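Notes follow the structure.
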Amino acid sequence: MEGIKFNQIGVSFKGSGSYVPEQILTNQKISQKVDTSDEWIKSRTGISERRISSPEDNVTEMGYKAAQTAIEMANWDLKTIDLIVLATSTPHDLFGSAPSIQAKLGANNAVAFDLTAACSGFLFALITASQFLRGRSFKRAIVIGADQLSSFVDWNDRRSCILFGDGAGALAIEATSEYDNLLGFDMRTDGDRGSFLNLQSKNDKNSIIDNIDFLRGGFSSIQMNGQEVYKFAVREVPIILEKLFKKTNYSSDKVDWLVLHQANQRILDSVGDRLKIPREKILSNLEKYGNTSAATIPLMMDEAIKNNRIKQNDIIATSGFGAGLSWGAALIKWG
Ligand code: ACO
């Protein structure tokens with residue numbers, strides 16, 4: 001597309017940011033709590049440690065800090081931001097945390113709302129925001145992925161507690177009439193398989209008065225069928241990416257970076273192998289952060305942009321997948 005005058009509105013990528021809490025929970029420390037070992041966790045998942053939010057580090061704080069860095073990189077006047085979309089499953093306020101982020105930033109002209117799609121959340125939010133830009137409704141948007149799953153993990157369940165950590169990442173995107181660097185995307189949901197991964201409300205039955213019952217708000221812990229989620233990811237992610245390559249006339253050998261939701265190193269390697277994308281093009285930082293849900297993709301991208309791995313005009317194939325079950329993919333040209 002480059003060089004060709006583009007009569008539609010496209011998306012350009014202007015900035016990235018991220019934030020992780022300071023508290024580090026290593027595999028050794030987890031093994032003091034549940035019957036596991038550093039060796040087991042590392043060999044099955046690739047994870048060595050994860051970050052855990054302190055009481056001061058909620059999704060609003062983390063998302064705000066990630067957004068602020070992305071805005072600094074984009075060099076935007078805060079008043080010019082039209083839209084803030086926060087992907088999260090763990091808002092600080094169930095009515096939505098994005099408005100608090102808008103207020104903390106001082107981005108007074110932006111409309112701000114939350115979007116929930118678990119580990120696919122960031123990708124779904126990026127695509128949603130992009131449609132507002134392409135549709136000429138808004139010019140500048142901040143897309144944030146932030147989650148604090150440590151609050152919802154069952155810290156006595158060794159099958160799931162080893163996987164998750166907290167963090168946030170953000171991208172700044174802008175409408176342009178010159179080109180479209182969101183080269184293509186696809187999104188899928190299969191609610192029939194939703195029971196493989198849940199964070200459901202508690203059935204805490206109470207009565208208001210006689211014969212009028214209600215359920216007190218509150219959530220249980222993450223319930224996961226790890227093997228089924230694993231099978232789902234290694235099957236569906238290559239399929240959706242293959243289809244996207246076909247639709248956009250790209251192929252996996254034209255991809256500079258594969259940025260997958262950081263769930264498990266074995267999933268990353270398996271998807272890369274199926275797509276014939278060599279290991280050195282598969283970005284991974286889950287060793288340090290584990291699975292930060294909606295935050296993994298922008299957290300990974302920001303790290304790779306800041307240490308000059310992802311460069312201007314690099315082609316990035318990205319896919320998010322997780323609870324819902326939901327999954328999605330996007331092909332991006334950075335810049
Ligand atoms: N330490 C030691 N042993 C363990 C641990 C642990 N932390 N966890 C499980 N085991 C044991 C099991 O009890 C089992 O023992 P058994 O054979 O005596 O019963 C054995 O290890 C093997 O268990 P599996 O469940 O078969 O282990 P598997 O190799 O499948 O690895 C894992 C489990 C890491 C959870 C893997 O299935 C996985 O990564 N799945 C994907 C999960 C995921 O990514 N979820 C998030 C999706 S994103 C989102 O939306 C949140």
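The values are calculated or read from the model by the stated rules, or taken from the named source; none is laboratory data. Values in this document were obtained by computation on a predicted structure and should not be read as measured data. Glycine gets a Cβ as well: all are built from the backbone with ideal geometry, and neighbour counts include every protein chain shown.
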Worksheet item: Which of the residues spanning the range 176-193 are crowded, with 20+ Cβ neighbours inside 10 Å and either under 29 Å from Val20 (Cα atoms) or free of Cβ contacts under 8 Å to residues at least 12 places away in the same chain (or both)?
Response: Asn181, Leu182, Phe185
Worksheet item: Out of curiosity, is Ala87 within 16 Å of the ligand (Cβ to nearest atom), out of contact with any Cys (no Cβ under 7 Å at 6 or more places or on another chain) and within 22 Å of Ala175 (Cβ to Cβ)?
Response: yes
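Residues that are within 16 Å of the ligand (Cβ to nearest atom) and surrounded by fewer than 21 Cβ atoms within 10 Å (Cβ to Cβ): which helices (runs of 4 or more DSSP H) entirely in the range 227-320 hold 2 or more of them?
265-275
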Item to complete: Would you be able to say whether some residue in the range 58-77 is touching a Phe, Trp or Tyr at 6+ places or on another chain (Cβ under 7 Å), outside any helix (DSSP H, G or I) and modelled with pLDDT of 95 or more?
Response: no
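Mind checking whether some residue in the range 155-162 is surrounded by fewer than 15 Cβ atoms within 10 Å (Cβ to Cβ), among the aromatic types (Phe, Trp, Tyr) and touching a residue at least 24 places away in the same chain (Cβ under 8 Å)?
yes
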Fill in: Flag for Ala107 being among the small types (Gly, Ala, Ser), under 28 Å from Leu197 (Cβ atoms) and over 14 Å from the mean Cα position of the chain (by Cα)
no
Worksheet item: Taking interchain pairs and intrachain pairs at least six residues apart, which have beta carbon atoms under 9 angstrom, with the first residue in the range 38-53 and under 12 Å from Glu287 (Cβ atoms) and the second of a type in the set (D, E, K, R) and within 9 Å of the ligand (Cβ to nearest atom)?
Response: Thr45/Arg266; Gly46/Arg266
Worksheet item: For Met224, which of the numbered conditions (1) surrounded by fewer than 15 Cβ atoms within 10 Å (Cβ to Cβ); (2) within 11 Å of the ligand (Cβ to nearest atom) fails to hold?
Response: (1)
Item to complete: Could you tell me which residue of the range 20-59 is farthest from Phe152 (Cα to Cα), considering only residues that are out of contact with any strand residue (DSSP E or B) (no Cβ under 8 Å at 6 or more places or on another chain) and away from the ligand (no atom under 16 Å from the Cβ)?
Response: Glu56
Discussion item. Anything in the range 200-225 that is of a type outside the set (D, E, K, R) and over 23 Å from Thr90 (Cβ atoms)? List them, or say none.
Written reply: Asn206, Ser207, Ile208, Ile209, Asn211, Ile212, Phe214
Worksheet entry | Which listed residue, of Ser160, Ser137, Ser120, Ser150, is in a loop (DSSP other than H, G, I, E, B), within 13 Å of the ligand (Cβ to nearest atom) and among the small types (Gly, Ala, Ser) | Ser160
Discussion item. Show the residue pairs meeting these rules: Cβ distance below 8 Å; 6+ apart or different chains; first residue within the range 217-239 and without any contact (Cβ under 8 Å) to a residue 12 or more places away in the chain; second residue near the ligand (Cβ under 6 Å from one of its atoms).
Written reply: none
